[in-house]
Amino acid sequence: MALHVRGVLLPDDEVRDLWLVGDRVTFTPVPDAETVVDGGFVLPGLVDAHCHIGIARGGAPITSLDQARDLARLDRDAGVLAIRDAGSPYPYPELDDEPDLPRLARAGRHVAPPKRYLRDIGVEVDATDVTATVAAQAKAGNGWVKLVGDWIDRGVGDLAPAWDADTLTAAVRAAHDAGVRAAVHTFSESAVEIMVRAGVDSVEHGTGLSLDLIDEMARRGTALVPTMINIATFGGIAEQARAKFPGYAEHMLALRDRFPDVVRAAHEAGVPIYVGTDAGGGIDHGLAAEEMLLLHERAGMPAEDVLAAASWGAREWLGFPGLVEGGLADLTVYPEDPRRDLGVVRAPSRTILRGQVVR
Ligand SMILES: [Zn+2]
C-alpha cells in the first residue's frame, strides 16, 4: 500500500505532497494511498557518517549479527536512516538490505599499524603489507576503506603517523585502485597533512588541520567528519596518559581546545562537513542530534548547514538519494522548523524507513 506525506519539505520552504511506493518516492499522486504525515517539517532522514555498529559498548568487537542490529536500531530510533560504518571488526554484509535497519555504507576493518590502535579492532600490518590489506578490506566493505593515519607512538611519547608518508600515500592509491573511497582517522598535524595531500576522501576527526590544509581540502573537495562528541573525550584520554606520556597528554588537550575553531574555519572555507558521532566502544549510539547541536553551538555552523550535513548533503555524498522523484523512501518529520530551533531534531514525530512507518 502506498503512503502519502504532506509537509514542508526541507531545504525548500514549500508544503508538498509526496507518495511512497515501496522503497521509492514519487510526486505523482497515487490513488487510495494512506496519509501518514499531514503537517510538520520533512527531512530525508538523518545520517550518522561516522558510526560503528560492529563495536560493542566498552570497545570489544561484537560477536553476532543481532548485536549489530540492536545498535543500528538505537540510531534508527533517533532518526538516523543511513549509517556510514567507519570500520568494523565484525563483518555484517547480510544487513545491507535488511528492511528495518538504516542503509549502510561500510568500510571493512580498520587498517592499522601493529599495536598502535584500539585493541582487537583493526587489521594490524607493517608497511610492506598495507596496500594488499587495503585491497582486501575494500572487498570486505561496500564502498569504503578505513585507514588509521596516526596514533600514539609510545617510543616517541606523542602522536605520530601510522606509517611513513610513502606508505600512507600508497594506501590511499590502493583504495582508489580497488574502486572504493578512503576515510582516515587522524588526530595529529603531521598525519592529516600527508593524507590530504595523498587525496584521501574523508578526514575523520581532523583535529590537527591547519588553515592551509583546510584550504587544500576545500580545493580538493575532501570531506571532514569532525566527530565533536569524540573530541570532547580527549580530556579523559589525556588524564589517563599523563603520568607516562605528559607530552601526549598536553598535545591532546591543545588539539581539543582549538577544535571548534578548526571546524568553524573548515566550514567557512567551504570544506564539506558531515555529522558523525563515532558511536561504538566508548560513545553511545543515538546521539546524532547531539553532534548536530555541537556543530551549531560550538563550531558556529548555521542550522540549515548542519541539517544539510546531517541529512540531504550526507545522503548525496554517500549515494542514498533523498526526497526527489525516484529517490529512496526514507524520511523523518519534526513538528517545528529545525532551522529555527535545531533542538527539535532530538525528537522526530514520524520516522519512515524504506517506505515503512517505523514510529
Ligand atoms: Zn571511529
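Answer yes if at least one residue in the range 164-176 is touching a Leu at 6+ places or on another chain (Cβ under 8 Å), within 15 Å of the ligand (Cβ to nearest atom) and either at pLDDT 95 or above or of a type outside the set (Ser, Thr, Tyr) (or both), and no otherwise.
There is no residue in the range 164-176 that is touching a Leu at 6+ places or on another chain (Cβ under 8 Å), within 15 Å of the ligand (Cβ to nearest atom) and either at pLDDT 95 or above or of a type outside the set (Ser, Thr, Tyr) (or both).
Cβ-Cβ under 7 Å, sequence separation 6+ or interchain: first residue in the range 146-162 and under 19 Å from Ala243 (Cβ atoms), partner open to solvent by less than 10 Å² (accessible area, probe 1.4 Å) and assigned to a strand (DSSP E or B). Which pairs?
Leu159/Asp150
Among the residues of the range 202-218, which ones are touching a residue at least 24 places away in the same chain (Cβ under 8 Å) and in a loop (DSSP other than H, G, I, E, B)?
Correct list: Gly206, Thr207, Gly208, Leu209.
Tell me which residues, restricted to the range 23-45, are polar (S, T, N, Q) and either open to solvent by 50 Å² or more (accessible area, probe 1.4 Å) or within 14 Å of Leu353 (Cβ to Cβ) (or both). Explain how you work it out, then say what you get.
So the first thing to find is which residues in the range 23-45 are polar (S, T, N, Q), and the list is 26, 28, 35.
Within the range 23-45, Thr28, Thr35 qualify.
Enumerate the pairs (first residue in the range 339-359 and of a type outside the set (Lys, Arg); second residue anywhere and open to solvent by 30 Å² or more (accessible area, probe 1.4 Å)) with beta-carbon separation below 6 Å, excluding pairs fewer than 6 apart on the same chain, so at least 6 apart or on different chains.
Leu342/His296; Val344/Glu336; Ser349/Pro335; Thr351/Val358; Thr351/Arg359; Gly355/Gly22; Gly355/Asp23
Within the range 34-57, which residues are more than 15 Å from the ligand (Cβ to nearest atom) and either of a type in the set (Lys, Arg) or at positive phi (or both)?
Gly39, Gly40, Gly45
If a residue must be touching a Ser or Thr at 6+ places or on another chain (Cβ under 8 Å), over 25 Å from Arg119 (Cβ atoms) and hydrophobic (A, V, I, L, M, F, W, C), how many such residues does the range 50-108 contain?
The qualifying residues number 1.
Among residues belonging to the range 285-324 that are in contact with a Lys or Arg (Cβ under 9 Å, 6 or more places away or on another chain), assigned to a helix (DSSP H, G or I) and of a type in the set (Gly, Ala, Ser), point out the one that is farthest from the ligand (Cβ to nearest atom).
Top of the filtered list is Ala303.
Among the numbered conditions (1) in contact (Cβ under 8 Å) with a residue 40 or more places away in the chain; (2) open to solvent by less than 40 Å² (accessible area, probe 1.4 Å), tell me where Arg258 comes up short.
Arg258 satisfies every listed condition except (2).
Report, by residue number, each residue of the range 201-235 that is β-branched (Val, Ile, Thr) and within 15 Å of the ligand (Cβ to nearest atom).
Our first condition is that a residue be β-branched (Val, Ile, Thr); within the range 201-235, this holds for 203, 207, 214, 222, 225, 227, 229, 231, 233.
Correct list: Val203, Thr207, Val225, Thr227, Ile229, Ile231, Thr233.
A quick yes/no check of all residues on (1) touching a strand residue (DSSP E or B) at 6+ places or on another chain (Cβ under 7 Å); (2) farther than 13 Å from Val172 by Cα; (3) at pLDDT 95 or above:
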{"site": "Pro114", "(1), (2), (3)": "yes, yes, yes"}
{"site": "Gly122", "(1), (2), (3)": "yes, yes, yes"}
{"site": "Asp126", "(1), (2), (3)": "no, yes, yes"}
{"site": "Thr133", "(1), (2), (3)": "yes, no, yes"}
{"site": "Ala136", "(1), (2), (3)": "no, yes, yes"}
{"site": "Gly149", "(1), (2), (3)": "yes, no, yes"}
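Taking Leu71, is it in a helix (DSSP H, G or I) and either within 14 Å of the ligand (Cβ to nearest atom) or closer than 30 Å to Trp163 by Cβ (or both)?
Values: in a helix (DSSP H, G or I): yes; either within 14 Å of the ligand (Cβ to nearest atom) or closer than 30 Å to Trp163 by Cβ (or both): yes.
Yes: the conditions hold for Leu71.
Could you list all residues from the range 176-195 that are open to solvent by less than 10 Å² (accessible area, probe 1.4 Å) and farther than 20 Å from Ser88 by Cα?
Ser188, Ala191, Val192, Met195
Taking the options Gly282, Gly276, Gly247, name whichever one is within 16 Å of the ligand (Cβ to nearest atom) and at pLDDT 95 or above.
Values: Gly282 fails: at pLDDT 95 or above; Gly247 fails: within 16 Å of the ligand (Cβ to nearest atom).
The match here is Gly276.
Restricting the range 81-103 to residues that are away from the ligand (no atom under 15 Å from the Cβ) and part of a strand (DSSP E or B), which is most open to solvent (accessible area, probe 1.4 Å)? If you could, list the steps in order and put the result at the bottom.
Residues of the range 81-103 away from the ligand (no atom under 15 Å from the Cβ): 81-82, 91-103.
The next check asks that each one be part of a strand (DSSP E or B); those that pass are 81-82, 103.
On the way: Leu81: 0, Ala82: 0, Arg103: 17 Å².
Looking at the filtered set, the residue picked out is Arg103.
Just to be sure I understand, how many residues within the range 304-326 are touching a Pro at 6+ places or on another chain (Cβ under 7 Å) and either among the β-branched types (Val, Ile, Thr) or surrounded by fewer than 19 Cβ atoms within 10 Å (Cβ to Cβ) (or both)?
Here the count works out to 1.
The values are calculated or read from the model by the stated rules, or taken from the named source; none is laboratory data. A quick note: this is a predicted structure, and the numbers were derived from the prediction, not measured. Ideal geometry is used to build each Cβ from the backbone, glycine not excepted, and the neighbour counts take in all protein chains shown. For accessibility, only protein heavy atoms count, side chains too; no ligands or nucleic acids. Shrake-Rupley method; radii C 1.70, N 1.55, O 1.52, S 1.80 Å.
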